[in-house]
Amino acid sequence: MKITIFGATGGIGAECLRLALAAGHEVTAVVRDAGRLSLEPHHVMVADLRIAPDMKELTVACEGADGVLSGIGPRSPKQDRGVVTEATRVIVAAMHAAHARRIVIVSAAPVSTVPTPGNPDAPRRDPGEGAFTRYVLTPIVKRALSSVYADLAAAEDVLRESGLDWTAVRPPRLTDKPGTGRYRTAPERNLTRGHTIPRADVAAAMLAMVNQPSTIGHAIGVAT
């Protein structure tokens, strides 16, 4: 497959790059700083999606892509406020110009209960969460990182309105442990007792979902 990865130097993006190359895919990486790439993809494009990116170049990066993966997230919640929503808008525009269809982005488990204009009926409590997560963990992290989850929820709205074949992947707390390949997934809900997941397993799930039509148009909970 031809895979385009945005944010290929981040935690999940770098894992997407590693796994895509290992699987023999042709990979285009779109990054802010090519010097931070841990591996050499087939094509590299340097672009900061927040600062007047060159849409012609981004269109080229998406041309012919069987799947576009975005691992973009905030490096700092205070400094990168709104970065995921803004980047997702730019990626969607480039994909439309390139006539690319399939996009999978990283979101987060707490977003399942964040209502937005595009998802006004988000549940107050996620149906897949156990009592401890529902009443203790989720409220704490949502208060601590409210701007991050608002950004991710708004990015999901961009996908809903895009007309593309989209999937948002919602992992819980990320770890740097080795991937297990034994992750669980569920559409439109989080996973019971799914408190953590290695970044490598999130990346593996994202790559797999490129060829899983059942995930199109859904937010997918993923956890070990």
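The values are calculated or read from the model by the stated rules, or taken from the named source; none is laboratory data. All values derive from a computational prediction rather than experimental measurement. Ideal geometry is used to build each Cβ from the backbone, glycine not excepted, and the neighbour counts take in all protein chains shown.
Filtering the range 57-74 to residues that are at pLDDT 95 or above and either over 14 Å from THR4 (Cα atoms) or in a strand (DSSP E or B) (or both) leaves GLY67, VAL68, LEU69, SER70.
Is it the case that ALA14 is part of a loop (DSSP other than H, G, I, E, B), modelled with pLDDT of 95 or more and buried (at least 17 other Cβ atoms within 10 Å of the Cβ)? Lay out the reasoning, then the answer.
On the way: part of a loop (DSSP other than H, G, I, E, B): no; modelled with pLDDT of 95 or more: yes; buried (at least 17 other Cβ atoms within 10 Å of the Cβ): yes.
No, not satisfied.
Residues in the range 191-206 that are surrounded by 22 or more Cβ atoms within 10 Å (Cβ to Cβ) and aliphatic (A, V, I, L, M): LEU191, ILE197, ALA200, VAL202, ALA203, ALA205, MET206.
Would you say ALA219 is modelled with pLDDT of 95 or more, within 24 Å of ILE91 (Cβ to Cβ) and in contact with a Cys (Cβ under 9 Å, 6 or more places away or on another chain)? Talk me through it step by step, then tell me what you get.
Numbers: modelled with pLDDT of 95 or more: yes; within 24 Å of ILE91 (Cβ to Cβ): yes; in contact with a Cys (Cβ under 9 Å, 6 or more places away or on another chain): no.
Considered against the rule, which asks whether it is modelled with pLDDT of 95 or more, within 24 Å of ILE91 (Cβ to Cβ) and in contact with a Cys (Cβ under 9 Å, 6 or more places away or on another chain), ALA219 comes out as no.
Of the residues that make up the range 176-193, is at least one in contact with a Lys or Arg (Cβ under 7 Å, 6 or more places away or on another chain), more than 19 Å from ARG75 (Cα to Cα), among the small types (Gly, Ala, Ser) and not in a strand (DSSP E or B)? Among the residues of the range 176-193, not one is in contact with a Lys or Arg (Cβ under 7 Å, 6 or more places away or on another chain), more than 19 Å from ARG75 (Cα to Cα), among the small types (Gly, Ala, Ser) and not in a strand (DSSP E or B), which makes the answer no.
I'm trying to understand the selection: among the residues of the range 168-224, which are hydroxyl-bearing (Ser, Thr, Tyr) and under 15 Å from the mean Cα position of the chain (by Cα)?
Let us first name the residues in the range 168-224 that are hydroxyl-bearing (Ser, Thr, Tyr), namely 175, 180, 183, 185, 192, 196, 214-215, 224.
Once the filter is applied, which keeps residues that are hydroxyl-bearing (Ser, Thr, Tyr) and under 15 Å from the mean Cα position of the chain (by Cα), the range 168-224 yields THR185, THR215.
Under 9 Å between Cβ atoms, at least 6 apart or on separate chains: pull out the pairs that start in the range 169-181 with a residue that is crowded, with 24+ Cβ neighbours inside 10 Å and of a type in the set (S, T, N, Q) and end on any residue that is part of a strand (DSSP E or B) and modelled with pLDDT of 95 or more. Final answer for the pair search is none. Remark: pairs (first residue in the range 116-131, farther than 12 Å from GLU188 by Cα; second residue β-branched (Val, Ile, Thr); Cβ separation under 6 Å; 6+ apart in sequence or on different chains) = GLY130/THR192. Remark: ALA34 falls outside the filter, which requires a residue to be over 19 Å from VAL210 (Cβ atoms), of a type in the set (A, V, I, L, M, F, W, C) and within 17 Å of the chain's Cα centre (by Cα).
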